Amino acid sequence: MTARPEKRTVDMRTIGAWVEPGSRVLDLGCGRGQLLDYLIQTKEVVALGVDFDFAKVSECVRRGVTAYQGDLLECMRAFPDGHFDRVICSRTLQELQGDPAAVVNEALRVGKSVTVGFINHAFWKNRVATLLHGRKVRNALDSRSWHESRPSNPLSVADFEDFCATQGITITRRAHLLGDWHSPCPFAPNLLAGYALYDLKR
C-alpha cells in the first residue's frame with residue numbers, strides 16, 4: 001500500500017469481508033463509486049450509491065455503478081424498513097453538513113446492517129501535530145490545508161462508541177487500523193488507531 005492511499009480504497013478489504021455475496025448494498029456518500037465497483041466485481045452485490053456531488057455521480061455512471069444524486073436522508077426515506085442488507089457510510093459521517101445522528105438512524109431503518117468507517121481524529125500523531133504546530137491535522141488520508149477540505153464533524157473512536165451506547169445501537173463488529181492504514185490495532189484504539197470501522201445493528 002502506498003503512503004497516500006486513495007480515499008475509497010483503504011477499507012475495501014475489510015468491508016468486502018463483511019458483505020455477503022449477492023446482497024443489496026446502499027453506499028451513502030459513494031464518491032466516484034470505487035468501493036461499490038469493487039463490491040460488484042468481488043461479491044456480485046446489487047448496489048446503489050448516493051452522493052450530492054453531480055460530478056462524482058457521473059463518474060459512478062461511467063463505471064457502470066447505479067447512483068442517485070441528491071440528499072442522503074431524502075434518498076433513504078424512499079425505501080421501506082430493511083430494504084437493504086447493508087448500508088455503508090465510508091468516510092461519510094465526518095463530512096456531512098447536516099445531522100450525522102439522523103443519517104445513522106435512518107440507515108439503521110433501511111438497512112439490516114450498517115457499516116461505518118472514519119478517520120480517528122484522536123490518533124496520537126494527530127494529537128502531537130496539533131500540540132506542536134497548533135494547526136489543522138494533515139495526514140496520509142487528508143493532506144489538504146484547512147481551506148481546501150473538510151471534515152466538518154471530526155470524531156474519534158471514543159466519540160463514536162459513546163454515540164452508539166447513548167443511541168442504543170449495537171456494535172456487532174469492529175476493526176481498528178494502525179496509522180499505516182492497514183495493520184490491525186491490537187489495543188488502545190482511541191489513541192493508536194488511525195482508522196476505525198464498525199458494523200452496527202439496532
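How about region 57-100: which of its residues are buried (at least 20 other Cβ atoms within 10 Å of the Cβ), small (Gly, Ala, Ser) and at pLDDT below 95? Result: 90, single match. The residues of region 25-53 that are in contact with an Asp or Glu (Cβ under 8 Å, 6 or more places away or on another chain), among the β-branched types (Val, Ile, Thr) and without any contact (Cβ under 8 Å) to a residue 60 or more places away in the chain amount to a single one, 50.
Filtered by the rule that a residue be in a helix (DSSP H, G or I), within 12 Å of residue 198 (Cα to Cα) and in contact with a Leu (Cβ under 9 Å, 6 or more places away or on another chain), region 155-169 gives 157, 160, 164. Among the residues of region 153-179, the one identified as in contact (Cβ under 8 Å) with a residue 60 or more places away in the chain and basic (Lys, Arg) is 173. All told, residue 138 meets the bar of being touching a Lys or Arg at 6+ places or on another chain (Cβ under 8 Å) and either at pLDDT below 90 or of a type in the set (A, V, I, L, M, F, W, C) (or both). When only residues in region 7-65 that are touching a strand residue (DSSP E or B) at 6+ places or on another chain (Cβ under 7 Å) and of a type in the set (S, T, N, Q) count, which is nearest to residue 173 (Cα to Cα)? Selected residue: 14. Listed conditions (1) in contact (Cβ under 8 Å) with a residue 60 or more places away in the chain; (2) surrounded by fewer than 22 Cβ atoms within 10 Å (Cβ to Cβ) are all met by residue 126, apart from (1). Residue 103 falls short on exactly one of the conditions (1) at pLDDT 90 or above; (2) more than 28 Å from residue 21 (Cα to Cα), and that condition is (2).
Restricting the first member to region 67-90 and to residues that are without any contact (Cβ under 8 Å) to a residue 40 or more places away in the chain and farther than 23 Å from residue 38 by Cβ, and the second to residues that are buried (at least 21 other Cβ atoms within 10 Å of the Cβ) and small (Gly, Ala, Ser), the beta-carbon pairs closer than 8 Å and six or more apart or on different chains are 82/111. Scanning region 101-117 for residues that are surrounded by 18 or more Cβ atoms within 10 Å (Cβ to Cβ) and either touching a strand residue (DSSP E or B) at 6+ places or on another chain (Cβ under 6 Å) or in a loop (DSSP other than H, G, I, E, B) (or both) returns 107, 108, 110, 111, 113, 114, 115, 116, 117. Residue pairs whose Cβ atoms lie under 9 Å apart, sitting 6 or more positions apart in sequence or on different chains, and linking a residue in region 95-106 that is closer than 16 Å to residue 70 by Cα and in contact (Cβ under 8 Å) with a residue 12 or more places away in the chain to a partner that is part of a loop (DSSP other than H, G, I, E, B) and small (Gly, Ala, Ser), are 95/29; 95/152; 96/29; 96/152; 97/152. For region 180-200, the set of residues classified as surrounded by fewer than 18 Cβ atoms within 10 Å (Cβ to Cβ), touching a residue at least 12 places away in the same chain (Cβ under 8 Å) and either touching a helix residue (DSSP H, G or I) at 6+ places or on another chain (Cβ under 9 Å) or among the hydroxyl-bearing types (Ser, Thr, Tyr) (or both) consists of 182, 191, listed by residue number. Within the option set 22, 33, 64, 29, being small (Gly, Ala, Ser) and closer than 16 Å to residue 114 by Cβ holds for one residue only, 29.
The values are calculated or read from the model by the stated rules, or taken from the named source; none is laboratory data. None of these values were measured; they are calculated from a predicted model. So basically every Cβ, Gly included, is an ideal-geometry build from the backbone, and we count neighbours across all protein chains shown.
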